[in-house]
Amino acid sequence: MSTLQDDKMRYLLEHDFFQDFNRLEMWAIERTTTMFTCEPGRLFYSAGEIGEVLFILKEGTVHLYRLTSEGRKLIVATLTKGAVFGEMSLIGQGMHNTFAEVVRPARVCVMSRGDVETLLRQKPQMALRLMSIMGQRLQAAERQLEQLAFNRIPARLATLILALGEEGNEVRGHTHQELADMLGTYRETATLILNEFKGQGLIEIGRKQIHILDRPGLAAIAGESG
């Protein structure tokens, strides 16, 4: 039977983040890495904190979000298996206004800041990967900001549905509240627009599921600006 330690080692070996390490180096990393499970609602860090750890998500889903001045959530990233987060602490930056919260049961590997800094000195390639992760997240945030600034909510919701269903015509596992949080709007507004899309024959709606019926129609709405 596989032990928790074996499970952790196997996951670390498979992760792209450690692809330049040999087996002996990986054993050293495994000994300094903690893996634990957590349930929905667990906060890894809150706005303004300067974290001392790097998180690597093995299973589950984590939302990175901010709070608007009205107290509403604005989800800035949805992280799934393989995601790395908490990286801003490694360059001496706080998490600004960002929270990291578990939304699906998760298993996470955690490395201390000191251990990560040691690895970065040993393997400069890791620093480049961290920079790539941060760059991709920044690009996503800029796209979201552009959507918020220039597009009406129906256009933003159509864009979101198309993005979430990029690999097929099914969008699964998202409540209306989560969709609203990704748009920075109210759940009632998201539900109203989803029902309008359904009435237009663009989608079908199930429990935590949206089936895309008319991609070109959604794309036309997504292309409409304010």
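Within segment 199-217, identify whether any single residue is surrounded by 13 or more Cβ atoms within 10 Å (Cβ to Cβ), within 21 Å of residue 74 (Cβ to Cβ) and basic (Lys, Arg), and answer yes or no.
no
Identify the single condition in (1) out of contact with any Phe, Trp or Tyr (no Cβ under 7 Å at 6 or more places or on another chain); (2) in a strand (DSSP E or B) that residue 17 does not satisfy, given that it satisfies every other one.
(2)
Could we say that residue 159 is surrounded by 14 or more Cβ atoms within 10 Å (Cβ to Cβ), within 27 Å of residue 41 (Cβ to Cβ) and not small (Gly, Ala, Ser) here?
Numbers: surrounded by 14 or more Cβ atoms within 10 Å (Cβ to Cβ): yes; within 27 Å of residue 41 (Cβ to Cβ): no; not small (Gly, Ala, Ser): yes.
Criteria not met by residue 159.
Can you tell me which residues in segment 15-40 are surrounded by fewer than 18 Cβ atoms within 10 Å (Cβ to Cβ), within 20 Å of the chain's Cα centre (by Cα) and within 17 Å of residue 123 (Cβ to Cβ)?
Answer for segment 15-40, where residues must be surrounded by fewer than 18 Cβ atoms within 10 Å (Cβ to Cβ), within 20 Å of the chain's Cα centre (by Cα) and within 17 Å of residue 123 (Cβ to Cβ): 15, 16.
Hey, could you check segment 157-174 for residues that are under 16 Å from residue 214 (Cα atoms) and charged (D, E, K, R) and say which is modelled with the highest pLDDT?
Initially, segment 157-174 is screened for residues under 16 Å from residue 214 (Cα atoms), giving 157-171.
Right, trim to charged (D, E, K, R) and you get 166-167, 170.
On the way: 166: 77, 167: 73, 170: 92.
The residue in question is 170.
Here are 129, 143: which of them is within 18 Å of the chain's Cα centre (by Cα), without any contact (Cβ under 8 Å) to a residue 12 or more places away in the chain and not assigned by TED's automatic domain parsing to the domain that holds residue 202?
Numbers: 129 fails: without any contact (Cβ under 8 Å) to a residue 12 or more places away in the chain.
That would be 143, the only listed residue that is within 18 Å of the chain's Cα centre (by Cα), without any contact (Cβ under 8 Å) to a residue 12 or more places away in the chain and not assigned by TED's automatic domain parsing to the domain that holds residue 202.
Do the conditions hold for residue 101, that is, is it under 20 Å from residue 72 (Cα atoms), touching a residue at least 24 places away in the same chain (Cβ under 8 Å) and of a type in the set (Asp, Glu)?
On the way: under 20 Å from residue 72 (Cα atoms): yes; touching a residue at least 24 places away in the same chain (Cβ under 8 Å): yes; of a type in the set (Asp, Glu): yes.
In short, yes.
The values are calculated or read from the model by the stated rules, or taken from the named source; none is laboratory data. Just so it is clear, the model here is predicted, and its values are computed rather than measured. Backbone-built Cβ (ideal geometry, glycine too); neighbour counts: all protein chains shown.
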